[in-house]
Amino acid sequence: MLGKVESPAKARLVKKQRYSEPLHYTVCGLDEVYLINGFTVESIKGEDYVSIEDLDGLWKAIGLHLVTMRKALAPKEIRFLRQHMGLTQAGLATKLRVTDQTVARWEKGQTDPGPADLAIRVQFLSSKMAQPEGEQLLPKLVKIFDEITHRDDIEPKIIMLERSKKKWKSDASALMPASPPVPVSLT
């Protein structure tokens, strides 16, 4: 996937050069995702573009990170998970036995999904997008559900992702900075 770099002068880019600082990856619809590596920047006719390695693997890593976080899902996170399960609002609504308008209100932040938050997580972990890791995480989810009910934090957290051994992963404890890194944004 290629995405235009928002501020090429700030990024100090050279053709096919790797960044030394994390890339603020907002193309996925989430504001708190940063990539440590797994991307390259190319200059084409004076415009700088970012190419992401294994985009499906990145989306899977983001989804797995979201569903295992010990906080309620934010509206943008619900939309991200639904879209990457390949579902419309009506499709997710059918699976959760609610109306499509209810799902729309969750995604707009107009209402809180309440217990449906947990069902959305299970739906994602059961989806083809999350396999094989999703199947392995489902038993651990019961413990996470218990922790979520006791440590509900609605503030968004920065998600740092790293690509190693041909796989995207998130390690919040090792990679979570006290303050956000200086980002390079995509448009």
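Could you please let me know if Thr68 is under 21 Å from the mean Cα position of the chain (by Cα) and among the β-branched types (Val, Ile, Thr)? It is true that Thr68 is under 21 Å from the mean Cα position of the chain (by Cα) and among the β-branched types (Val, Ile, Thr). Scanning the stretch 110-120 for residues that are over 15 Å from Gly91 (Cα atoms) and part of a helix (DSSP H, G or I) turns up Asp117, Leu118. Residues of the stretch 85-131 being on the phi < 0 side of the Ramachandran plot and among the basic types (Lys, Arg), which ones? Hits for the stretch 85-131 are Lys95, Arg105, Lys108, Arg121, Lys128. Taking the criterion of being crowded, with 16+ Cβ neighbours inside 10 Å, of a type in the set (Gly, Ala, Ser) and over 26 Å from Ile158 (Cβ atoms), the only residue of the stretch 73-103 that qualifies is Ala93. Screening the stretch 1-64 for strands (runs of 3 or more DSSP E) wholly inside it with 2 or more residues that are surrounded by fewer than 15 Cβ atoms within 10 Å (Cβ to Cβ) and at pLDDT 80 or above returns the ranges 47-52.
The values are calculated or read from the model by the stated rules, or taken from the named source; none is laboratory data. Owing to the predicted nature of the structure, the values given are computational and were not obtained by experimental measurement. Glycine also receives a Cβ, built like all others from the backbone with ideal geometry; neighbour counts cover every protein chain displayed.
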